[in-house]
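Only one structure is covered here, and it is reproduced in the block below.
The values are calculated or read from the model by the stated rules, or taken from the named source; none is laboratory data. Here the structure is a predicted model, which means the values were calculated and not measured. Note that each Cβ is placed from the backbone with ideal geometry, even for glycine, and that neighbours are counted across all protein chains shown. All accessible areas refer to the heavy atoms of the entire protein, side chains included, with ligands and DNA or RNA removed. Shrake-Rupley method; radii C 1.70, N 1.55, O 1.52, S 1.80 Å.
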Amino acid sequence: MRSLRVIQITSVDLVGEGELVERIAAVAKMVPEARARFALQLRDPQLDGRMLNGWAERLRELTARHGLALLVNDRLDVAIAVEADGVHLGRHSVSVTTARRARGPRSWVSRSAHDLAEVLAAARQGVDAVLLSPIFAAPGKGSPLGLDVVSQAREAIGALPIDTLPLGRRPALIALGGIDVPRA
């Protein structure tokens, strides 16, 4: 999978199904090179297993139809069941090694990080991307890290010797949390 540049993270409480379907349709109209850089990340922890799996199946059908990547947050079992393109791992998720073993070496694997030490640990574990948050204030996400930490994390990842990284390449760094249109 190409390096993702935009990840739309779902939250049915904030963006309903109808609006999310409209957003997917808008992305589907982009040129193929742009679509290849977009992913939808299913993250709705308030849903029970049955509801989450049903939502994952609907999103997989939509994303597959439009050539978009689907990532599943924290639920390796759901990612496997719907044949998602990847999985995002949180602090209490399975290991990167377990996710790679279950999904294969070509599957996208990302991990959450909330400080510089976690960024470096994730990079050394062989993730495709590290999601660093919260950059700006976001409800329920703790103290904002700020843009300086993003710069420090980029420098730290850039300083890692390639031959020490499991994938033979540096992971992408994705900043999130409180990023709205003016801040983007």
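Mind checking whether some residue in the stretch 99-107 is open to solvent by less than 40 Å² (accessible area, probe 1.4 Å) and either under 21 Å from Arg37 (Cβ atoms) or not in a helix (DSSP H, G or I) (or both)?
Yes; the residues of the stretch 99-107 include at least one that is open to solvent by less than 40 Å² (accessible area, probe 1.4 Å) and either under 21 Å from Arg37 (Cβ atoms) or not in a helix (DSSP H, G or I) (or both).
Condition check ((1) among the β-branched types (Val, Ile, Thr); (2) under 19 Å from the mean Cα position of the chain (by Cα); (3) in a strand (DSSP E or B); (4) surrounded by 15 or more Cβ atoms within 10 Å (Cβ to Cβ)) across all residues:
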| site | (1), (2), (3), (4) |
| --- | --- |
| Val127 | yes, yes, no, yes |
| Pro134 | no, yes, no, yes |
| Leu145 | no, yes, no, yes |
| Val150 | yes, yes, no, yes |
| Glu155 | no, no, no, no |
| Asp163 | no, no, no, no |
| Asp180 | no, yes, no, no |
| Arg183 | no, no, no, no |
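Of all residues in the stretch 165-174, how many are among the aliphatic types (A, V, I, L, M) and open to solvent by 40 Å² or more (accessible area, probe 1.4 Å)?
Selection size over the stretch 165-174: 2.
Quick check on the stretch 54-75: of everything there that is in a loop (DSSP other than H, G, I, E, B) and within 19 Å of Met30 (Cβ to Cβ), which residue is least open to solvent (accessible area, probe 1.4 Å)?
Among them, the one singled out is Leu68.
Six or more apart or on different chains, Cβ atoms under 7 Å: show the pairs whose first residue is in the stretch 46-65 and within 21 Å of Glu22 (Cβ to Cβ) and whose second is open to solvent by 90 Å² or more (accessible area, probe 1.4 Å).
That search, which allows pairs on different chains as well, returns Arg60/Glu83.
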